[in-house]
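What follows is a short report on a single structure.
The values are calculated or read from the model by the stated rules, or taken from the named source; none is laboratory data. The structure presented is a predicted model; accordingly, all values stated were derived computationally and were not measured. Cβ sites come from the backbone with ideal geometry, for glycine too, and all protein chains shown count toward neighbours.
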Amino acid sequence: MSINDTNDARGCPTMGGPVAAKGAAADPSAFVRTEDDGLEHLDLLVRGARCAGCISKIEKGINAITGVQTCQFNLSTGKLFVNWSPGSADPGVIARTVADLGYQVSPYDPGEAEIERDKHGRFLLLCMAVSGFAAMNIMLFSVSVWAGFSGEMQDNTRTLFHWLSALIAMPAAAFAGQPFFRSAFASLHKGKANMDVPISLAVLLALGVSLYETIIGGSETYFDAAVMLLFFLLIGRWLDHRLRGQTRLAAQELLSLQSATANRQQSDGTVRAVQARDIVPGDTIILWPGDRTPVDGQILEGTSDVDMALVSGESAPELVQKGKTIRAGMVNLTDKLVMMASASTEDSLLAELTRLVEAGETARGRFVKLADRAAQAYVPIVHTLALLSFIGWLIAGAGAHHAILTAAAVLIITCPCALGLAAPAVQIVAVGRLFKRGVLVKSGDALERLAEIDTVLLDKTGTLTLGKPHLVNAKGISADVLELAAKLARSSRHPLSRAIADLAGPGAIATKTKETPGYGVEGKIDGVSVRLGRAEWAGAKACTKDGADNTSGLWLVVKGRDPVHFIFEDTLRVDAAKMVAGLVSRGLGVEMLSGDREKPARAAAFEAGIDKVSFGMTPQEKISRVETLVRDGKKVLMIGDGLNDAPSLAAANVSMSLASAADASQAAADMVLQGETLSPVLAAIDISRAARRRILQNFGFAAVYNVIAVPLAVFGFVTPMIAAIAMSSSSIVVTLNALRPFLHKEKS
Amino acid sequence: MTALIYLIPAALFLALLGLGAFIWTVKSGQYDDMEGAKWRIFIDDYRDDNIPD
């Protein structure tokens, strides 16, 4: 198999999926930046790429543009990085090339926060490597010392080994301990003590005591324990960092929707691409098919179908013409429009939604993770114990040296290795299990929040239903009639046309196609003119035979042939009713919030088996419903897909979105369902509940371990060897417990 | 026991070599695109330096 076969199909060559319109790319010139190397850099966000064929197509396509020096596509993040020497390449051509290959592309401005996050991840990985290296090598010396304990090793050899251990441990701990030392210092500075305070104290105290022992030629050093402690804790930190994912990015994604650039008509009549945030009320803006409205405004010229999903969540487009008010974030579908801006970007609808999303995320940030709750109880106890054993031994007449050594042993042995690993180890396993079942989990604490829910709110269009019109009478339409219709439909962006084009698959397009917004498409096929559209416009009015409602759906009219009626419906997802029943059987309350009209909302709810229905809801009403429930103490899971759902997704305790959903909703949600079915929701709830039990079990293990180890440490029975064994065994037990299968407890 | 005089430095040197290699992989961004790496092996004419043909 070769993926490099010249593949003319646009978009992903192996998996298909939605394809971007040709040339539908904003001009990214405003996002080009000149870096220290003297080259111009551009970051683009590419969507729809999923395989080697995509990487190859995109990189080859961009490299073929004259002037481009490097082009690197990152499949994990969807970011395309391109650079060129100043003036030698046109950024507009680069963006258009990607769009022409069939991928959605938008300019991308990596925020400071995200760059910081990536850097921090790398730093944790480095710290982990350094502490792992040091722990392994120090352990070689420690094991030799313990093995020679019975007298085979002479004192000066032992001291040499201690010095070598110190040589490795000191710089390694100084480097790898930074994440803990910094956080502990920052926390103490604010007058609080977090988990990192006892950790830092234990490491520093252990190293100090050990160094002193080494200098006086003593027998007990804790270099191995101190560094191993850092290593285990860093594993937990790194897993946690990886799990945290991109929860903070939702609002940014929504902002980037604010059509990064817009075509503004200058006073001299020329059109220039400008950054959307530079638009002021009164500007004249040209909207081509595929463009998103950058700000609220009024139509000056033109008639076109516009996708209003942002306000209503419904995909059926609306016909707009001169004088009509239009909000920011709508997509122009069929024909050129000229609009006058009536607000700046900050005052537009999209900005308001962004603020709502941010507010929701801040509220959710107040959730306290299980591990943090455990730490809050843990920190004071540990400090008190260590201090008490220090004072106790002093009172009992032991020297300061012995008292400090015991206090250090208490701090080391109680140190929260197991606690630090308990939650992330379970969560990363659970996230992996869910990924196999088609649920993408974006943060570890989302699982904890999901395990606690008691109420589920569902959106209708696109969530319970497929969200796209589907041809329901496909059986009554012959293949060549469908192909005939598809030849016209392929030229149009209207959802009904897309439904026909998707069903027929890729193929030829009729010649001389012309789309009349709100009515239909016409064109010539083999010299015969053909129309696809509304009944009266296509000329099918007189021909209704089936007596059915002929005003909806599309009619295909070919001269000399009987008109054919295409009927569409938005159908429920196959397992919607099953999922609702599953939620109810798990004791959860289920409610539907729809932006749609009463009749279709009630019909869908009835079919899915939901009693509580709200309809005709605006994004603000949805969010206030979520907030009311949360205020009443309910734990709410929100499942939605539309742009209008993004704020309520962010406001709910935990939220899910679908792979077909708007980008901003996917970004705002904690989890994304990858397939077309809803039953993974049940799997996610079951696994999250199992994971919660498993985490609590792990805390139990850690507690039992401490109950046994602490008295030993306080009364001075702990040697460096016992500390090392106890610490690693508790971490290993916790990790093995996390790896145990969750699955036997799942109901499917 | 005199063997320790060169065995210990040798062991430490080898371990440092491993650590150095790991640090290099992190710094050169080899963990940045875990998803893409597994797919890139299917691209017949892919070269690391991305020089266009």
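Brief remarks on what is shown
- Scan of the range A:114-144 for residues that are crowded, with 22+ Cβ neighbours inside 10 Å and either more than 13 Å from every other protein chain (Cβ to nearest Cβ) or basic (K, R) (or both), ordered by number: A:S142
- For the range A:622-632, the condition of being outside any helix (DSSP H, G or I) and touching a helix residue (DSSP H, G or I) at 6+ places or on another chain (Cβ under 9 Å) holds for none of the residues.
- Across the range A:213-223, the qualifying residues are those that are out of contact with any Lys or Arg (no Cβ under 9 Å at 6 or more places or on another chain) and modelled with pLDDT under 90, and the one among them that is farthest from A:D155 (Cα to Cα) is A:Y222.
- Considering residues of the range A:73-90 that are crowded, with 18+ Cβ neighbours inside 10 Å and modelled with pLDDT of 85 or more only, the residue nearest to the other protein chains (Cβ to nearest Cβ): A:F73
- Test result for A:L45, within 14 Å of chain B (Cβ to nearest Cβ), assigned to a strand (DSSP E or B) and in contact (Cβ under 8 Å) with a residue 24 or more places away in the chain: no
One line per residue, one yes/no per condition, for (1) of a type in the set (F, W, Y); (2) surrounded by fewer than 22 Cβ atoms within 10 Å (Cβ to Cβ); (3) assigned by TED's automatic domain parsing to the domain that holds A:P720:
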site: A:L207; (1), (2), (3): no, no, yes
site: A:S219; (1), (2), (3): no, yes, yes
site: A:Y222; (1), (2), (3): yes, no, yes
site: A:F232; (1), (2), (3): yes, no, yes
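- Of all residue pairs spaced 6 or more apart or on separate chains, those with beta-carbon atoms under 7 Å, a first member in the range A:319-341 that is farther than 22 Å from A:P495 by Cα and a second member that is at pLDDT 80 or above and of a type in the set (G, A, S) are A:V338/A:G302; A:M339/A:G297; A:M340/A:G282; A:M340/A:G297; A:A341/A:G282; A:A341/A:G297.
- Checklist (1) within 30 Å of A:R158 (Cα to Cα); (2) at the interface with chain A (Cβ under 9 Å from one of its Cβ atoms); (3) at pLDDT 80 or above applied to B:F22, failing item: (1)
- Looking only at residues of the range A:276-286 that are buried (at least 19 other Cβ atoms within 10 Å of the Cβ) and at pLDDT below 85, we find that the one that is nearest to A:D459 (Cα to Cα) is A:A276.
- Members of the range A:562-583 found to be out of contact with any helix residue (DSSP H, G or I) (no Cβ under 8 Å at 6 or more places or on another chain), part of a loop (DSSP other than H, G, I, E, B) and farther than 29 Å from A:G539 by Cβ, listed by number: A:T571, A:V574, A:D575
- A:S165 vs. criteria in contact with a Phe, Trp or Tyr (Cβ under 6 Å, 6 or more places away or on another chain) and part of a helix (DSSP H, G or I): yes
- The lone exception for A:Y103 - which of (1) more than 25 Å from B:R40 (Cβ to Cβ); (2) at pLDDT 75 or above; (3) more than 10 Å from chain B (Cβ to nearest Cβ) it fails: (1)
- Scanning the range A:63-106 for residues that are assigned to a helix (DSSP H, G or I) and touching a residue at least 40 places away in the same chain (Cβ under 8 Å) yields a count of 8.
- Members of the range A:147-159 found to be surrounded by 15 or more Cβ atoms within 10 Å (Cβ to Cβ) and either modelled with pLDDT of 85 or more or not in a loop (DSSP other than H, G, I, E, B) (or both), listed by number: A:T157, A:R158, A:T159
- Residue match in the range A:426-445 (condition: in contact (Cβ under 8 Å) with a residue 24 or more places away in the chain, touching a Pro at 6+ places or on another chain (Cβ under 7 Å) and closer than 30 Å to A:F615 by Cα): yes
- A single entry from A:V98, A:V32 fulfils the requirement of being at pLDDT 85 or above and closer than 29 Å to A:W288 by Cα: A:V98.
- Just one of the listed residues (A:T628, A:T618) is at pLDDT below 85 and not acidic (D, E), namely A:T618.
- The residue of the range B:28-46 that is surrounded by the fewest Cβ atoms within 10 Å (Cβ to Cβ), among those that are part of a helix (DSSP H, G or I) and facing another protein chain (nearest Cβ under 8 Å), is B:M34.
- Selected residue (only one of A:A664, A:A684 is farther than 30 Å from A:M727 by Cα and either surrounded by fewer than 22 Cβ atoms within 10 Å (Cβ to Cβ) or modelled with pLDDT under 85 (or both)): A:A664
- Failed condition for A:V654, given (1) more than 30 Å from A:L45 (Cα to Cα); (2) at pLDDT 85 or above: (1)
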